[in-house]
Amino acid sequence: MFEHVTAAPPDPILGLSEAFGRDSRPGKINLAVGVFKDAQGKTPVLESVRAAETRLLAEETTKSYMPIGGAPAYGQAARELLLGADHPALAADRVVTFQTPGGTGGLRVAGDYLKQNHSGKTLWVSDPTWANHHGIFSAAGLTVKTYPYLDPATNGLNLDAMLGAAQGMREGDIWLLHGCCHNPTGVDPTEQQWGQIAAAAQAYGVLPLIDFAYQGFGAGLTQDAAGLRAVLEVNPEALVCASFSKNFGLYRERVGAFHAIAKDADTAASVGSQIKTCIRRNYSNPPAHGGAVVTTILNDPALRTAWENELTAMRDRINGMRTDLQAGLDQRGVSLAPEGNGFITRQNGMFTMSGLTKAHVQALKDDHAIYIVGSGRINVAGITPDNLPVLCDAISAVTGG
Ligand code: LMR
(Lines give C-alpha, C1' and ligand atoms only; values in the text may rest on other atoms or scores of the structure.)
Protein backbone atom coordinates (compact mmCIF):
# COMPACT_ATOMS: atom_id res chain seq x y z
CA MET A 1 0.00 0.00 0.00
CA PHE A 2 2.79 2.42 0.77
CA GLU A 3 5.39 1.42 -1.82
CA HIS A 4 4.69 4.41 -4.05
CA VAL A 5 5.33 6.86 -1.20
CA THR A 6 8.74 8.47 -1.40
CA ALA A 7 10.49 10.30 1.43
CA ALA A 8 9.76 14.01 1.81
CA PRO A 9 12.73 16.36 2.17
CA PRO A 10 13.44 17.48 5.74
CA ASP A 11 11.91 20.80 6.83
CA PRO A 12 14.40 23.61 6.13
CA ILE A 13 14.19 24.83 9.75
CA LEU A 14 12.83 22.13 12.09
CA GLY A 15 14.64 19.45 10.04
CA LEU A 16 17.91 21.07 11.09
CA SER A 17 16.99 20.67 14.75
CA GLU A 18 16.42 16.97 14.08
CA ALA A 19 19.84 16.72 12.41
CA PHE A 20 21.36 18.67 15.32
CA GLY A 21 19.86 16.17 17.76
CA ARG A 22 21.54 13.32 15.88
CA ASP A 23 24.94 15.09 15.78
CA SER A 24 27.18 13.56 18.45
CA ARG A 25 30.00 16.14 18.24
CA PRO A 26 30.70 17.88 21.57
CA GLY A 27 30.32 21.66 21.52
CA LYS A 28 27.79 21.63 18.68
CA ILE A 29 25.78 24.87 18.36
CA ASN A 30 22.19 25.20 17.12
CA LEU A 31 21.46 28.65 15.68
CA ALA A 32 18.83 27.38 13.25
CA VAL A 33 15.35 27.33 14.76
CA GLY A 34 14.02 30.62 16.14
CA VAL A 35 13.99 29.93 19.85
CA PHE A 36 15.24 32.28 22.56
CA LYS A 37 18.02 31.03 24.80
CA ASP A 38 19.35 32.68 27.92
CA ALA A 39 23.04 33.37 28.52
CA GLN A 40 23.43 29.76 29.70
CA GLY A 41 21.93 28.40 26.49
CA LYS A 42 18.62 27.33 28.06
CA THR A 43 15.11 28.23 26.85
CA PRO A 44 13.54 29.10 30.21
CA VAL A 45 9.93 28.97 31.35
CA LEU A 46 9.25 32.63 32.17
CA GLU A 47 8.60 33.33 35.87
CA SER A 48 5.37 35.13 34.99
CA VAL A 49 4.26 32.06 33.04
CA ARG A 50 5.08 29.74 35.92
CA ALA A 51 3.12 31.92 38.34
CA ALA A 52 0.11 31.98 35.99
CA GLU A 53 0.30 28.20 35.54
CA THR A 54 0.37 27.63 39.30
CA ARG A 55 -2.72 29.75 39.64
CA LEU A 56 -4.48 27.97 36.77
CA LEU A 57 -3.67 24.55 38.16
CA ALA A 58 -5.33 25.49 41.45
CA GLU A 59 -8.34 27.17 39.86
CA GLU A 60 -9.08 25.13 36.76
CA THR A 61 -12.59 23.65 36.91
CA THR A 62 -13.00 21.68 33.68
CA LYS A 63 -11.31 20.09 30.67
CA SER A 64 -14.46 20.34 28.55
CA TYR A 65 -14.20 21.61 24.94
CA MET A 66 -13.34 25.21 24.19
CA PRO A 67 -15.60 27.31 21.92
CA ILE A 68 -14.54 27.05 18.25
CA GLY A 69 -13.00 30.52 18.41
CA GLY A 70 -11.34 29.97 21.78
CA ALA A 71 -11.95 31.76 25.08
CA PRO A 72 -13.67 35.16 24.64
CA ALA A 73 -11.46 36.70 27.37
CA TYR A 74 -8.39 35.55 25.45
CA GLY A 75 -9.69 37.15 22.25
CA GLN A 76 -10.21 40.45 24.01
CA ALA A 77 -6.81 40.43 25.70
CA ALA A 78 -5.07 39.49 22.43
CA ARG A 79 -6.88 42.23 20.48
CA GLU A 80 -6.04 44.86 23.05
CA LEU A 81 -2.38 43.88 23.06
CA LEU A 82 -2.34 44.09 19.28
CA LEU A 83 -4.16 47.36 18.73
CA GLY A 84 -4.15 49.14 22.09
CA ALA A 85 -7.25 49.02 24.31
CA ASP A 86 -8.55 52.35 23.01
CA HIS A 87 -8.35 51.54 19.28
CA PRO A 88 -11.53 52.71 17.49
CA ALA A 89 -11.90 49.36 15.67
CA LEU A 90 -12.47 47.68 19.05
CA ALA A 91 -15.15 50.14 20.12
CA ALA A 92 -16.85 49.65 16.73
CA ASP A 93 -16.80 45.84 17.17
CA ARG A 94 -15.00 45.50 13.84
CA VAL A 95 -12.44 42.92 15.00
CA VAL A 96 -13.07 39.20 15.41
CA THR A 97 -10.38 37.07 17.06
CA PHE A 98 -9.76 33.33 17.02
CA GLN A 99 -7.48 31.52 19.43
CA THR A 100 -5.31 29.30 17.24
CA PRO A 101 -2.73 26.56 17.80
CA GLY A 102 0.29 28.83 17.42
CA GLY A 103 0.87 31.46 14.77
CA THR A 104 1.30 28.64 12.27
CA GLY A 105 -2.19 27.30 13.05
CA GLY A 106 -3.58 30.80 12.52
CA LEU A 107 -1.82 31.14 9.18
CA ARG A 108 -3.29 27.85 7.98
CA VAL A 109 -6.78 28.92 9.05
CA ALA A 110 -6.18 32.18 7.17
CA GLY A 111 -5.14 30.15 4.12
CA ASP A 112 -8.28 27.99 4.27
CA TYR A 113 -10.49 31.03 4.77
CA LEU A 114 -8.87 32.88 1.84
CA LYS A 115 -9.08 29.88 -0.46
CA GLN A 116 -12.78 29.44 0.22
CA ASN A 117 -13.88 33.07 0.32
CA HIS A 118 -11.45 35.06 -1.85
CA SER A 119 -11.47 32.80 -4.85
CA GLY A 120 -8.84 33.31 -7.54
CA LYS A 121 -6.80 35.82 -5.55
CA THR A 122 -3.02 35.58 -5.32
CA LEU A 123 -1.16 35.72 -2.02
CA TRP A 124 2.12 37.65 -2.17
CA VAL A 125 4.99 36.91 0.20
CA SER A 126 8.32 38.68 0.52
CA ASP A 127 11.43 37.23 -1.09
CA PRO A 128 12.80 35.90 1.17
CA THR A 129 10.18 34.97 3.74
CA TRP A 130 9.75 32.37 6.48
CA ALA A 131 10.14 29.13 4.54
CA ASN A 132 6.90 27.71 5.93
CA HIS A 133 4.77 30.51 4.46
CA HIS A 134 5.11 28.91 1.04
CA GLY A 135 4.22 25.49 2.39
CA ILE A 136 1.24 26.60 4.48
CA PHE A 137 -0.49 28.64 1.78
CA SER A 138 0.25 26.20 -1.04
CA ALA A 139 -1.16 23.40 1.11
CA ALA A 140 -4.32 25.49 1.53
CA GLY A 141 -4.55 25.66 -2.27
CA LEU A 142 -3.67 29.32 -2.76
CA THR A 143 -1.52 30.70 -5.56
CA VAL A 144 1.59 32.14 -3.90
CA LYS A 145 3.87 34.68 -5.58
CA THR A 146 6.79 36.71 -4.23
CA TYR A 147 7.67 40.39 -4.08
CA PRO A 148 11.24 41.68 -3.66
CA TYR A 149 12.24 42.73 -0.17
CA LEU A 150 15.94 42.62 0.61
CA ASP A 151 18.67 44.68 -1.03
CA PRO A 152 21.70 42.37 -1.01
CA ALA A 153 24.10 45.28 -1.43
CA THR A 154 23.17 46.71 1.96
CA ASN A 155 21.36 43.80 3.64
CA GLY A 156 18.59 46.42 4.09
CA LEU A 157 15.10 46.99 2.69
CA ASN A 158 14.57 47.56 -1.02
CA LEU A 159 11.40 49.62 -0.62
CA ASP A 160 11.26 50.84 -4.22
CA ALA A 161 11.27 47.29 -5.57
CA MET A 162 8.72 46.24 -2.99
CA LEU A 163 6.33 49.07 -3.86
CA GLY A 164 6.92 48.48 -7.56
CA ALA A 165 5.78 44.88 -7.14
CA ALA A 166 2.74 46.02 -5.14
CA GLN A 167 1.67 48.04 -8.15
CA GLY A 168 1.52 44.78 -10.10
CA MET A 169 -0.82 43.09 -7.60
CA ARG A 170 -4.45 42.79 -8.64
CA GLU A 171 -7.33 44.22 -6.64
CA GLY A 172 -8.31 41.83 -3.88
CA ASP A 173 -4.95 40.05 -3.84
CA ILE A 174 -3.45 39.39 -0.44
CA TRP A 175 -0.22 41.10 0.63
CA LEU A 176 1.57 39.26 3.42
CA LEU A 177 3.65 41.61 5.55
CA HIS A 178 5.74 40.83 8.63
CA GLY A 179 4.53 43.10 11.44
CA CYS A 180 8.02 43.42 12.93
CA CYS A 181 11.31 41.52 13.18
CA HIS A 182 11.03 40.21 9.62
CA ASN A 183 11.80 36.50 9.39
CA PRO A 184 14.38 35.63 8.07
CA THR A 185 16.04 39.00 7.39
CA GLY A 186 15.54 41.05 10.58
CA VAL A 187 14.97 44.01 8.22
CA ASP A 188 11.90 46.11 9.04
CA PRO A 189 10.45 49.17 7.32
CA THR A 190 10.84 52.47 9.18
CA GLU A 191 7.71 54.23 10.39
CA GLN A 192 7.77 56.44 7.33
CA GLN A 193 8.17 53.43 5.04
CA TRP A 194 5.24 51.72 6.78
CA GLY A 195 3.18 54.78 5.86
CA GLN A 196 4.14 54.29 2.20
CA ILE A 197 3.32 50.56 2.37
CA ALA A 198 -0.04 51.30 3.99
CA ALA A 199 -0.86 53.86 1.30
CA ALA A 200 0.14 51.42 -1.46
CA ALA A 201 -2.11 48.69 -0.04
CA GLN A 202 -4.98 51.15 0.01
CA ALA A 203 -4.27 52.54 -3.46
CA TYR A 204 -4.01 49.12 -5.12
CA GLY A 205 -6.96 47.60 -3.23
CA VAL A 206 -5.05 44.67 -1.76
CA LEU A 207 -5.84 42.95 1.53
CA PRO A 208 -2.99 43.16 4.07
CA LEU A 209 -2.29 39.93 5.93
CA ILE A 210 0.13 40.69 8.73
CA ASP A 211 2.16 37.93 10.31
CA PHE A 212 2.98 39.22 13.78
CA ALA A 213 5.07 36.63 15.58
CA TYR A 214 7.61 38.79 17.42
CA GLN A 215 5.74 41.61 19.17
CA GLY A 216 8.13 42.96 21.82
CA PHE A 217 11.30 41.54 20.31
CA GLY A 218 12.09 44.58 18.16
CA ALA A 219 11.84 47.84 20.10
CA GLY A 220 8.93 47.19 22.51
CA LEU A 221 5.31 46.04 22.60
CA THR A 222 3.81 49.33 21.39
CA GLN A 223 6.66 50.35 19.09
CA ASP A 224 6.58 46.98 17.31
CA ALA A 225 2.87 47.38 16.57
CA ALA A 226 3.35 50.82 14.97
CA GLY A 227 3.59 49.43 11.41
CA LEU A 228 0.48 47.32 11.79
CA ARG A 229 -1.43 50.23 13.29
CA ALA A 230 -0.25 52.47 10.43
CA VAL A 231 -1.62 49.95 7.93
CA LEU A 232 -4.98 49.97 9.73
CA GLU A 233 -5.09 53.78 9.73
CA VAL A 234 -5.71 53.83 6.00
CA ASN A 235 -6.93 50.28 5.35
CA PRO A 236 -10.19 49.52 7.15
CA GLU A 237 -9.81 45.81 6.47
CA ALA A 238 -6.93 43.43 7.19
CA LEU A 239 -6.06 40.04 8.62
CA VAL A 240 -3.48 39.49 11.36
CA CYS A 241 -1.91 36.25 12.60
CA ALA A 242 -0.17 36.73 15.92
CA SER A 243 1.91 34.29 17.92
CA PHE A 244 2.75 34.12 21.61
CA SER A 245 5.40 31.46 21.16
CA LYS A 246 8.31 33.86 21.42
CA ASN A 247 7.17 36.80 23.56
CA PHE A 248 5.71 34.51 26.27
CA GLY A 249 8.17 31.66 25.62
CA LEU A 250 5.14 29.38 25.12
CA TYR A 251 6.44 27.62 22.00
CA ARG A 252 5.21 24.11 22.73
CA GLU A 253 1.86 25.22 24.14
CA ARG A 254 0.87 26.40 20.63
CA VAL A 255 -0.83 29.68 21.29
CA GLY A 256 -1.65 32.21 18.62
CA ALA A 257 -4.44 34.52 17.52
CA PHE A 258 -6.04 35.10 14.13
CA HIS A 259 -7.75 38.50 13.89
CA ALA A 260 -9.99 39.71 11.07
CA ILE A 261 -10.54 43.46 11.01
CA ALA A 262 -13.47 44.48 8.80
CA LYS A 263 -15.00 47.78 7.77
CA ASP A 264 -18.02 47.35 10.06
CA ALA A 265 -19.40 45.01 12.72
CA ASP A 266 -21.76 43.13 10.38
CA THR A 267 -18.99 42.37 7.91
CA ALA A 268 -16.71 41.27 10.73
CA ALA A 269 -19.41 38.89 11.96
CA SER A 270 -19.86 37.36 8.49
CA VAL A 271 -16.12 36.90 8.00
CA GLY A 272 -15.90 35.47 11.51
CA SER A 273 -18.62 32.91 10.78
CA GLN A 274 -16.67 31.68 7.73
CA ILE A 275 -13.46 31.45 9.76
CA LYS A 276 -15.31 29.40 12.38
CA THR A 277 -16.36 26.94 9.69
CA CYS A 278 -12.72 26.55 8.60
CA ILE A 279 -11.61 25.88 12.18
CA ARG A 280 -14.36 23.35 12.87
CA ARG A 281 -13.29 21.35 9.82
CA ASN A 282 -9.64 21.51 10.76
CA TYR A 283 -8.99 21.08 14.51
CA SER A 284 -12.51 21.80 15.83
CA ASN A 285 -11.48 24.04 18.71
CA PRO A 286 -8.14 25.18 20.13
CA PRO A 287 -6.08 23.84 23.02
CA ALA A 288 -6.84 25.81 26.18
CA HIS A 289 -3.74 25.96 28.34
CA GLY A 290 -1.42 28.43 26.57
CA GLY A 291 -4.25 30.86 25.93
CA ALA A 292 -5.29 30.73 29.57
CA VAL A 293 -1.71 31.53 30.62
CA VAL A 294 -1.58 34.54 28.30
CA THR A 295 -5.00 35.80 29.44
CA THR A 296 -4.08 35.42 33.12
CA ILE A 297 -0.87 37.38 32.65
CA LEU A 298 -2.30 40.14 30.47
CA ASN A 299 -5.25 40.72 32.84
CA ASP A 300 -3.28 40.75 36.11
CA PRO A 301 -1.37 44.01 36.61
CA ALA A 302 1.44 42.46 38.71
CA LEU A 303 1.94 39.47 36.41
CA ARG A 304 1.80 41.75 33.39
CA THR A 305 4.52 43.99 34.76
CA ALA A 306 6.65 40.94 35.57
CA TRP A 307 6.12 39.59 32.03
CA GLU A 308 6.94 42.91 30.37
CA ASN A 309 10.17 43.04 32.39
CA GLU A 310 11.07 39.51 31.30
CA LEU A 311 10.30 40.41 27.69
CA THR A 312 12.53 43.47 27.93
CA ALA A 313 15.32 41.31 29.36
CA MET A 314 15.02 38.87 26.43
CA ARG A 315 15.11 41.73 23.92
CA ASP A 316 18.10 43.33 25.63
CA ARG A 317 20.01 40.05 25.66
CA ILE A 318 19.45 39.56 21.92
CA ASN A 319 20.53 43.11 21.15
CA GLY A 320 23.62 42.64 23.31
CA MET A 321 24.52 39.56 21.29
CA ARG A 322 24.05 41.53 18.07
CA THR A 323 26.56 44.09 19.28
CA ASP A 324 29.00 41.38 20.36
CA LEU A 325 28.62 39.42 17.12
CA GLN A 326 29.36 42.51 15.07
CA ALA A 327 32.37 43.34 17.26
CA GLY A 328 33.62 39.72 17.18
CA LEU A 329 33.53 39.65 13.39
CA ASP A 330 35.12 43.09 13.11
CA GLN A 331 37.94 42.01 15.43
CA ARG A 332 38.65 39.04 13.18
CA GLY A 333 38.64 41.20 10.06
CA VAL A 334 35.55 39.43 8.69
CA SER A 335 33.10 41.55 6.71
CA LEU A 336 29.82 39.88 5.76
CA ALA A 337 28.49 42.68 3.54
CA PRO A 338 30.10 45.17 1.17
CA GLU A 339 29.33 47.95 3.63
CA GLY A 340 30.62 46.05 6.66
CA ASN A 341 28.89 44.31 9.56
CA GLY A 342 26.79 47.27 10.72
CA PHE A 343 23.65 45.58 9.38
CA ILE A 344 23.79 43.10 12.28
CA THR A 345 22.87 45.76 14.82
CA ARG A 346 20.49 47.56 12.44
CA GLN A 347 18.35 44.43 12.00
CA ASN A 348 15.60 43.59 14.51
CA GLY A 349 14.41 40.59 16.44
CA MET A 350 15.79 37.10 16.66
CA PHE A 351 17.36 36.76 13.26
CA THR A 352 20.11 38.18 11.17
CA MET A 353 20.41 37.47 7.48
CA SER A 354 24.15 37.06 7.59
CA GLY A 355 24.99 37.03 3.90
CA LEU A 356 26.75 33.68 4.39
CA THR A 357 26.39 31.53 1.27
CA LYS A 358 25.05 27.99 1.06
CA ALA A 359 28.66 26.74 0.88
CA HIS A 360 29.54 28.68 4.05
CA VAL A 361 26.48 27.28 5.82
CA GLN A 362 27.44 23.75 4.80
CA ALA A 363 31.03 24.23 5.98
CA LEU A 364 29.84 25.64 9.33
CA LYS A 365 27.83 22.45 9.81
CA ASP A 366 30.34 19.95 8.44
CA ASP A 367 33.55 21.39 9.88
CA HIS A 368 32.36 23.21 13.01
CA ALA A 369 29.07 21.55 14.10
CA ILE A 370 27.33 24.93 13.86
CA TYR A 371 23.80 24.82 12.47
CA ILE A 372 22.21 27.83 10.78
CA VAL A 373 19.45 27.93 8.15
CA GLY A 374 20.47 27.36 4.51
CA SER A 375 19.53 30.92 3.55
CA GLY A 376 22.28 32.19 5.88
CA ARG A 377 19.81 33.13 8.62
CA ILE A 378 21.37 33.07 12.09
CA ASN A 379 19.26 32.87 15.23
CA VAL A 380 21.01 35.59 17.24
CA ALA A 381 18.80 34.67 20.21
CA GLY A 382 20.74 31.39 20.41
CA ILE A 383 24.16 33.04 20.66
CA THR A 384 25.64 33.10 24.18
CA PRO A 385 28.82 34.65 25.62
CA ASP A 386 30.28 31.11 25.60
CA ASN A 387 29.53 30.15 22.02
CA LEU A 388 30.09 33.59 20.47
CA PRO A 389 33.91 33.30 20.10
CA VAL A 390 33.50 29.79 18.65
CA LEU A 391 30.96 31.11 16.15
CA CYS A 392 33.10 34.09 15.14
CA ASP A 393 36.19 31.88 14.70
CA ALA A 394 34.19 29.44 12.60
CA ILE A 395 32.72 32.19 10.39
CA SER A 396 36.21 33.57 9.95
CA ALA A 397 37.49 30.12 8.96
CA VAL A 398 34.73 29.34 6.44
CA THR A 399 34.78 32.77 4.81
CA GLY A 400 38.55 32.88 4.68
CA GLY A 401 38.72 35.76 7.15
C1 LMR B 1 11.62 29.88 12.93
O2 LMR B 1 11.45 30.55 11.92
O3 LMR B 1 12.70 29.34 13.22
C4 LMR B 1 10.48 29.74 13.92
O5 LMR B 1 9.40 30.49 13.52
C6 LMR B 1 10.14 28.33 14.19
C7 LMR B 1 9.49 27.64 13.05
O8 LMR B 1 8.40 27.11 13.25
O9 LMR B 1 10.05 27.60 11.96
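The values are calculated or read from the model by the stated rules, or taken from the named source; none is laboratory data. Please read all numbers here as calculations on a predicted model, not as lab measurements. No Cβ is skipped: glycine too gets one built from the backbone with ideal geometry, and neighbour counts run over all protein chains shown. Calculation scope for accessible area: heavy atoms of the full protein, side chains included, ligands and nucleic acids excluded. Shrake-Rupley method; radii C 1.70, N 1.55, O 1.52, S 1.80 Å.
Residue by residue, here is whether (1) among the hydroxyl-bearing types (S, T, Y); (2) closer than 20 Å to P189 by Cβ; (3) assigned to a loop (DSSP other than H, G, I, E, B) holds:
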| position | (1), (2), (3) |
| --- | --- |
| G106 | no, no, no |
| Y113 | yes, no, no |
| S126 | yes, yes, no |
| H134 | no, no, no |
| G141 | no, no, yes |
| V144 | no, no, no |
| query | Considering V144, V125, V95, which residue is within 16 Å of the ligand (Cβ to nearest atom) and in contact with a His (Cβ under 7 Å, 6 or more places away or on another chain)? | reply | V125
| Does M314 satisfy the criteria of being buried (at least 19 other Cβ atoms within 10 Å of the Cβ) and in contact with a Lys or Arg (Cβ under 8 Å, 6 or more places away or on another chain)? | no
| Only one residue in H118, H133 is over 17 Å from G70 (Cα atoms) and more than 15 Å from the ligand (Cβ to nearest atom). Which one? | H118
| query | Can you tell me which residue in the stretch 46-57 is most open to solvent (accessible area, probe 1.4 Å), limited to those that are touching a residue at least 24 places away in the same chain (Cβ under 8 Å) and either out of contact with any Leu (no Cβ under 9 Å at 6 or more places or on another chain) or within 16 Å of the ligand (Cβ to nearest atom) (or both)? | reply | E47
| note | Of the residues in the stretch 109-139, those that are within 21 Å of P287 (Cβ to Cβ), touching a residue at least 40 places away in the same chain (Cβ under 8 Å) and either in contact with a Cys (Cβ under 8 Å, 6 or more places away or on another chain) or open to solvent by less than 20 Å² (accessible area, probe 1.4 Å) (or both) come to V109, A110, D112, Y113
| request: Tell me, please, whether a residue that is of a type in the set (G, A, S) and surrounded by fewer than 22 Cβ atoms within 10 Å (Cβ to Cβ) can be found in the stretch 168-188. | output: yes
| message | Testing L157 on (1) under 30 Å from S335 (Cα atoms); (2) open to solvent by 40 Å² or more (accessible area, probe 1.4 Å), one condition comes back false. Which one is that? | response | (2)
| message | Of the residues G106, G69, only one is open to solvent by less than 10 Å² (accessible area, probe 1.4 Å), of a type outside the set (A, V, I, L, M, F, W, C) and modelled with pLDDT of 95 or more; which? | response | G106
| field | Residues satisfying the stated conditions in the stretch 8-36, i.e. away from the ligand (no atom under 13 Å from the Cβ) and in the same structural domain as I395 (by TED's automatic domain parsing) | value | A19, G21, R22, D23, S24, R25, P26, G27, K28, I29
